[in-house]
Ligand code: ADP
């Protein structure tokens, strides 16, 4: 047996092999050691007295799914090895085969999947002119593919899609593999040279017919967002703790359905570049905000909608249970009313695009399934009474078998006139009629005698035997029939998957749009004007997340104008903690929000379409990867200077720290100059090098701003106002005092500062 195990394991060296043995799936050797830890189950040994005992652990076969899920969740690949011949008739070791491969990119299990996130499997192919990338989410049927002309673009697409697993050809250089592992630690790498479909076929024995039409990758249609910017702007997770709460997604996501949540997340990670598309979403949000009653009805209806997209996929792959189908029917219930409601409103033509309300599907499901079916499909109780006469009859027999027998008893008593006649049961004869000897002469001819006892005779009749067969077989037949009827229903729905997906898509869009309308209404956002020139005019802009944080002070809105005439580079100075970072991030977030079609936190905003947002902020995360602050800064600056265009928005929050002051200043100076004169991108540049403010004297594109503070009796008060001009000093010592540096050290620092300013050697 272990020989067979070794052979199969050799074919799946990088999977955890679950080997069916009796009522258990067993894992051996290293697999056992590793999975016992992940699963929290006991590790034992086989052949304990052997000099080399075999480590072993196992899980019961009937409850294997949650264990598989846990392993996959831990980033493992699992190969399920089943017995493929009947152990009773097998000669020697029962034949076994791997029947299923489960990996993070191909899970369907609802308890493991994050409901509000796509679960993409990516596949890369190396081409002469770059890379081909395909991403597939089998849990929803989403499918995108396209070419990436460089490794950098490929990384950006991966950043946007956030795949759980990637198939890469062996020809990819080791350095690239390592880069992928560092950039996307949660993404499992699988070596694979065929295409992605072959992988799906190998891992999924079920059908993958529900895969939607291939859509082109974001490239060109949507804004390129690099990983640094995605993280720095905290688009989907916070920098600290990687939490969703506190991120832009956490703020904007008021969706009612899982599919709406997934869509909104993908919108945030792929802002639009085309006016018509942006205007289309903004029009929809405006229409929803303009009709509060519709918005309320819509969100209420959406709250009743389950994850249609994923249920449809499970139906297509034959893994949906009866509860899924009932959930599907319930989800379709509000659709006709929603369609009617939307026909009058210009919300992305939603009313028209819901071509199919799936009323036939809903009717078929409700007619077939009980309201609250169990999860299991083999234990019955799924199908409604009255659907199948055959099933009803079987149920009657199985459930009311006793009544029927009692009925037979009464009938026979009457026919024979033997009032003491009894129908009884034992294991040897099954059902029989018992008549005491006193009444022996009244027994009719068709009774067949089976046994004579001291005081009585036992008989059977053909009718009784026929009935007995029915009763005893009924239960089994009933369960089989219920299962068959359910599968018929599921197969029938599976033929309608495309229709369901289309409806689901419109509902997801409505949900995401309604979410944007709700947050805009609740937070007092305005509709941004998105224009074609290079304007950036934000009046009384706010940081959408900071403004909602519980704070002592009220959030102070700020204006930012970097239109053509106003110049292109804002050099921002001001003490630490004054609010430089906040104002710069808020500008970036407002531009991004506008381009996903959201209203923005400002009194007025006019935004010339941005082709890319670049950020150079902090370096905490890269430090953890062992790169120096300075190296990270320089790498990021290099990317910006190489790739930013006139249409880009560049946010630089300090540059040139981590090296000698003069080096740092010199580099910061040259970078600012290049951005202002050659790149000409709209740039917000915060610095503590006061010397940089001199650039404004010679370069017309550079304008100085500062964040105002007031000094009062040796204390500084943060005013949070962004004003033209630069600040004289940095107030670093004040901030140090605020932070609680000892009074002696503070006074000594003040002294040293004065001496330095006077140019006196210490
Ligand atoms: P800096 O980048 O200048 O060091 P930050 O932008 O990090 O400063 O701001 C420090 C803190 O000041 C923020 O965490 C926030 O609590 C507060 N803050 C910043 N801007 C504002 C504002 N406009 N209104 C109110 N509080 C603000």
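The values are calculated or read from the model by the stated rules, or taken from the named source; none is laboratory data. Because the structure is a prediction, the values reported are computed rather than measured. Here the Cβ positions follow ideal geometry from the backbone for every residue, glycine too, while neighbour counts run over all protein chains shown.
Overview of values
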| quantity | calculated |
| --- | --- |
| Sole residue being touching a residue at least 24 places away in the same chain (Cβ under 8 Å), outside any loop (DSSP other than H, G, I, E, B) and surrounded by 17 or more Cβ atoms within 10 Å (Cβ to Cβ), chosen from 490, 521 | 490 |
| Single unsatisfied condition, residue 585 versus (1) away from the ligand (no atom under 13 Å from the Cβ); (2) under 15 Å from residue 231 (Cα atoms); (3) modelled with pLDDT of 95 or more | (1) |
| Lone qualifier among 401, 430 - being outside the structural domain of residue 325 (by TED's automatic domain parsing) and on the phi > 0 side of the Ramachandran plot | 430 |
| Given (1) over 24 Å from residue 272 (Cβ atoms); (2) in contact (Cβ under 8 Å) with a residue 12 or more places away in the chain; (3) within 16 Å of the ligand (Cβ to nearest atom), index of the condition residue 554 fails | (2) |
| Lone qualifier among 574, 567, 563 - being within 16 Å of the ligand (Cβ to nearest atom), modelled with pLDDT under 95 and either under 17 Å from residue 228 (Cβ atoms) or touching a strand residue (DSSP E or B) at 6+ places or on another chain (Cβ under 9 Å) (or both) | 574 |
| Test: residue in region 591-612 that is touching a residue at least 40 places away in the same chain (Cβ under 8 Å) and within 9 Å of the ligand (Cβ to nearest atom) | no |
| Search result, residues across region 524-542 that are assigned to a loop (DSSP other than H, G, I, E, B) and more than 16 Å from the ligand (Cβ to nearest atom) | 525, 527, 528, 532, 533, 534, 535 |
| Selection from region 317-355 of residues that are at pLDDT 85 or above and part of a loop (DSSP other than H, G, I, E, B) | 320, 321, 333, 334 |
| For residue 618: the one exception among (1) modelled with pLDDT under 95; (2) more than 16 Å from the ligand (Cβ to nearest atom); (3) touching a strand residue (DSSP E or B) at 6+ places or on another chain (Cβ under 9 Å) | (2) |
| Residue satisfying all of: in region 713-727; on the phi > 0 side of the Ramachandran plot and part of a loop (DSSP other than H, G, I, E, B); nearest to the ligand (Cβ to nearest atom) among these | 725 |
| Subset of region 543-572 [assigned to a loop (DSSP other than H, G, I, E, B), more than 38 Å from the chain's Cα centre (by Cα) and closer than 18 Å to residue 651 by Cα] | 563, 564, 566, 567, 568 |
| All positions within region 118-140 that are in a loop (DSSP other than H, G, I, E, B) and modelled with pLDDT under 90 | 118, 119, 128, 129, 138, 139, 140 |
| All positions within region 363-385 that are touching a strand residue (DSSP E or B) at 6+ places or on another chain (Cβ under 9 Å), part of a loop (DSSP other than H, G, I, E, B) and under 9 Å from residue 322 (Cβ atoms) | 370, 373, 382 |
| Single unsatisfied condition, residue 690 versus (1) away from the ligand (no atom under 16 Å from the Cβ); (2) within 30 Å of residue 537 (Cα to Cα) | (1) |
| Flag for residue 653 being surrounded by fewer than 19 Cβ atoms within 10 Å (Cβ to Cβ), within 16 Å of the ligand (Cβ to nearest atom), under 45 Å from the mean Cα position of the chain (by Cα) and assigned by TED's automatic domain parsing to the domain that holds residue 575 | yes |
| Matching residues in region 718-739 - criterion: being at pLDDT 85 or above and surrounded by fewer than 11 Cβ atoms within 10 Å (Cβ to Cβ) | 724 |
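Per-residue answers, yes or no, for (1) within 17 Å of residue 520 (Cβ to Cβ); (2) buried (at least 23 other Cβ atoms within 10 Å of the Cβ); (3) under 17 Å from the mean Cα position of the chain (by Cα):
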residue: 242; (1), (2), (3): no, no, yes
residue: 246; (1), (2), (3): no, no, no
residue: 256; (1), (2), (3): yes, no, yes
residue: 264; (1), (2), (3): yes, yes, yes
residue: 280; (1), (2), (3): yes, no, no
residue: 283; (1), (2), (3): yes, no, no
residue: 313; (1), (2), (3): no, yes, yes
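Table: residues versus (1) part of a helix (DSSP H, G or I); (2) within 16 Å of the ligand (Cβ to nearest atom).
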site	(1), (2)
658	no, no
664	yes, no
667	yes, no
673	yes, no
677	yes, no
685	no, yes
694	yes, no
697	yes, no
711	no, no
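The rows are residues; the columns are (1) closer than 19 Å to residue 632 by Cα; (2) in contact (Cβ under 8 Å) with a residue 12 or more places away in the chain; (3) loosely packed, with under 14 Cβ neighbours inside 10 Å.
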position	(1), (2), (3)
145	no, yes, no
148	no, yes, no
154	no, yes, no
159	yes, yes, no
163	no, yes, no
170	no, yes, yes
186	no, yes, yes
